[in-house]
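Working notes for the structure below.
The values are calculated or read from the model by the stated rules, or taken from the named source; none is laboratory data. Please read all numbers here as calculations on a predicted model, not as lab measurements. Note that each Cβ is placed from the backbone with ideal geometry, even for glycine, and that neighbours are counted across all protein chains shown. Ligands, DNA and RNA are stripped out before the accessible areas are found, and what is left, the full protein with its side chains, is counted by its heavy atoms. Shrake-Rupley method; radii C 1.70, N 1.55, O 1.52, S 1.80 Å.
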Amino acid sequence: LLGMIPYVPNLAWPTMDHVLEATRANVLVGKPPFPNSVSSIVVGAMTPQNAIKYLRNRCLLVSPGDRDDVILACLTVHQSRSDMRLSGIVLTGGYSPNAATLEMLKRLKIPVLVTKDDTYTTASVLNSLVPKILASDCEKIALARDLVNRHVDVERLWKAAQEMHVGH
C-alpha cells in the first residue's frame, strides 16, 4: 500500500464555474471565475417560507427567474445568518428578477446565472454533475496536493513507476 487518501466531501462539491459550464447559462451577476463551492442544491419551486427551510450553508438556489418572493426570502437568510451563505443562484425559464431584486443581488455579490431551460431540466443537469476539479479550482487543487503529500508515499510510488517503466 502506497497510501490512502481520506474522503474529503468538499473535493466532490462542484464550484459555480462547474455549474456555469454544465448549465450553459448566461451570467447575470458577477464575473467568472466563480470558485464558490456548492455543498447542496435547493430548488426554490415552493412558497418562500418553505423554500428557506431547505437552505444549507454554501447551497445553490435554483429557482424560476420570476420568483422574486423566493429569491428575496433566500437573500434575507443569506444576509442575516453568517452560517447560511448562498454560493450562487441559477434562475430558470430565461426570466430575470425585477430591478430592485437584481440590484440587491449585485450588492451582495452572489453569482447569478440565467438559463432558458426549465427548473426540472436544470435541476436534473446539476444533479447528474460528475465531481471534478477544474483548473480554476485553486483551493481544491491545493487541498488535493496537500492530501497526497500527507497520505501517499510519493517517493516510493515514483520509484515503483520508474521500475515498471525500466522493466518494459
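For Thr121, state whether it is polar (S, T, N, Q) and open to solvent by 20 Å² or more (accessible area, probe 1.4 Å). Walk me through it before giving the result.
Details: polar (S, T, N, Q): yes; open to solvent by 20 Å² or more (accessible area, probe 1.4 Å): yes.
Criteria met by Thr121.
Residue selection: Gly65 fails the criterion of being open to solvent by less than 60 Å² (accessible area, probe 1.4 Å) and on the phi > 0 side of the Ramachandran plot. Residues that are within 23 Å of Pro33 (Cβ to Cβ), touching a Leu at 6+ places or on another chain (Cβ under 8 Å) and surrounded by fewer than 20 Cβ atoms within 10 Å (Cβ to Cβ) within the range 79-103 comprise Ser96, Leu102, listed in sequence order.
The residues on offer are Ala144, Ala135, and the sole one that is modelled with pLDDT of 90 or more, of a type in the set (Gly, Ala, Ser) and closer than 27 Å to Asn36 by Cβ is Ala144.
Looking only at the range 77-109, which residues are without any contact (Cβ under 8 Å) to a residue 24 or more places away in the chain and not hydrophobic (A, V, I, L, M, F, W, C)? Within the range 77-109, Ser80, Arg81, Ser82, Glu103, Arg107 qualify.
Would you confirm whether or not the range 126-146 contains a residue that is in contact with a Phe, Trp or Tyr (Cβ under 8 Å, 6 or more places away or on another chain) and surrounded by 12 or more Cβ atoms within 10 Å (Cβ to Cβ)? Even if it seems obvious, please write down each step before you answer.
Initial filter on the range 126-146 (in contact with a Phe, Trp or Tyr (Cβ under 8 Å, 6 or more places away or on another chain)): 131.
If we keep only those that are surrounded by 12 or more Cβ atoms within 10 Å (Cβ to Cβ) as well, we get none.
No, the range 126-146 contains no residue that is in contact with a Phe, Trp or Tyr (Cβ under 8 Å, 6 or more places away or on another chain) and surrounded by 12 or more Cβ atoms within 10 Å (Cβ to Cβ).
For the criterion of being of a type in the set (Ser, Thr, Tyr), open to solvent by 10 Å² or more (accessible area, probe 1.4 Å) and closer than 17 Å to Ile110 by Cα, Thr47 fails. Look at the range 110-135: where a residue is under 16 Å from Arg58 (Cα atoms) and a partner is of a type in the set (Gly, Ala, Ser) and not in a loop (DSSP other than H, G, I, E, B), sitting 6+ places away or on another chain with Cβ atoms under 6 Å, you get Pro111/Gly88.
Checking each residue in the range 15-44 for being surrounded by 18 or more Cβ atoms within 10 Å (Cβ to Cβ), under 8 Å from the mean Cα position of the chain (by Cα) and of a type outside the set (A, V, I, L, M, F, W, C) picks out Thr15, Asp17, His18, Asn36, Ser37.
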